[in-house]
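Below is one structure, written out as structure tokens; the observations come after it.
Nothing in this text is a laboratory measurement; each read-out follows from the coordinates by a stated rule. Only a predicted model underlies this, so the values are computations on that prediction, with no experimental measurement involved. Here the Cβ is made from the backbone with ideal geometry for all residues, glycine too, and neighbour counts use every protein chain on show.
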Amino acid sequence: MVDIVKAYSGQGQEDSPNCGSCGEKKSLKFYCSDCNCFLCEECAGAHKKLKIFRGHHVKEIGKFESSDAQDYARRTNVCKQHKDEVRFYCEQCVICICRDCAILEHRDHNIVSLDKGLEKKKSEIENKMQAVQNNSSSLRNQKDSLEKRRMRMNNSFIQATEEVHRAAKRNLELIRQHEASVTEQLLKQKETSKLNFQTL
């Protein structure tokens, strides 16, 4: 019902529908349920005054009730070719059709009632939605698994890096100790050689 009001009131729409009476592009403010058309303010006034339209039910769009919307939907649910109410659904062509369409153009097709066709489509959509949800759940699980794997690899990298640093630190300390030991021995040898020269 709200969609009907928005679509035909022309509020915020550059391409608003034409008035059902004068045919001009104007802001449509009223709806005549007897003529099944929307009217601009000027035509609605004339509609109420003309004798031929006396007794017609003209109502402001802003005061639409659910029954008005249902009546409009029922009246507009008409086959454009045969001007008959659409009551059936052709599963091959995937379209809604009237009785004449079912007998003539779609006689060899699988025809079901509109309600049954709607229920079948609803079931198909629900199945597809369930498949999408299952797929989304599977993707989430894969994402979680990959994230855990990434974290494990990152932790392993950190541990390996820390171990390399510790090993390098240990080796560097050993090298320094060896350097100090060798230097000390060389100094002792130097002192010994110096004393030997002095005694000659």
Once the dipole of the range 41-200 is set up with Lys and Arg at +1 and Asp and Glu at -1 on Cβ about the Cα centre, which of Ala167, Thr183, Asn135 lies farthest towards its positive end?
Thr183
Pulled fully out, how much extra length does the chain show between Ser138 and Glu191, if you take 0.36 nm times their separation in residues and subtract their Cα-Cα distance?
11.2 nm
Taking the range 73-131, the equivalent ellipsoid from its C-alpha gyration tensor has semi-axes in Å, biggest first, of 23, 14, 8
Check: the range 71-200 dipole with +1 on Lys, Arg Cβ and -1 on Asp, Glu Cβ, in debye
380
Percent of Cα-Cα distances greater than 14 Å, calculated over the range 14-55:
40
Please give the FRET efficiency for Leu118 paired with Cys22, using the beta carbon to beta carbon distance and R0 = 41 Å, rounded to the nearest 0.05.
0.65
Enumerate the amide H contacts of Arg87 below 5 Å, restricted to partners 5 or more residues apart or on another chain; note that Pro and chain-start residues carry no placed amide H.
Ile97, Cys98, Arg99
So how many Å³ per residue does the convex hull of the Cα atoms of the range 51-186 work out to?
273
Of the trypsin sites (Lys or Arg not before Pro) in the range 92-200, those whose Cβ has at most 11 other Cβ within 10 Å and which sit in DSSP loop:
Arg107
Work out the P(r) tail for the range 124-193: percent of alpha carbon pairs separated by more than 15 Å, whole number.
76
